[in-house]
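For reference, the structure is listed below as structure tokens.
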Amino acid sequence: MACHEPEQEGRRRHYRAEGNNSSLLKSGRKAAFFTLLSFIRYKKVEKQIDEDTYQPSLILDIMLVLAVLVIGIFLVTYLVHSI
């Protein structure tokens, strides 16, 4: 967002931003949506733990390990080439 010259209103300065705030509103809606989904997931897992029926997801564990492994490989490669 590009800023223009400040608009003078009394002693205060107001900067106008070019464009609209629709992207900010979209981001806020996405954040609220994912927060709601996370809360629902949390409540389901909490209920499963209370009922002693919870089983962790093996797929998520594997994806987390692979993500950490890939990031580690990229980091080592970057550090080796930066020397």
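Read-outs throughout are calculated quantities, based only on the coordinates presented, and are distinct from any laboratory measurement. All values reported here derive from a predicted model rather than from experimental measurement.
Short version: ³J(HN,Hα) in whole Hz for each residue of the stretch 71-83, in order, from phi by Karplus 6.51 cos²θ - 1.76 cosθ + 1.60 (θ = phi - 60°), x for Gly and Pro, what are they?
Calculated HN-Hα couplings, in order: 4, x, 5, 4, 5, 4, 4, 4, 5, 5, 6, 8, 7 Hz.
Which of the lysines could be linked to Lys26 by a straight reach, that is with a Cα gap under 29 Å, when you skip same-chain ones fewer than 8 residues away?
Output for Lys26: Lys43, Lys44.
Based on the Cα atoms of the stretch 23-82, what semi-axes does the equivalent ellipsoid have, where each is the square root of 5 times one gyration tensor eigenvalue, given in whole Å with the largest first?
On the way: eigenvalues 208, 109, 8 Å².
Equivalent ellipsoid semi-axes, largest first: 32, 23, 6 Å.
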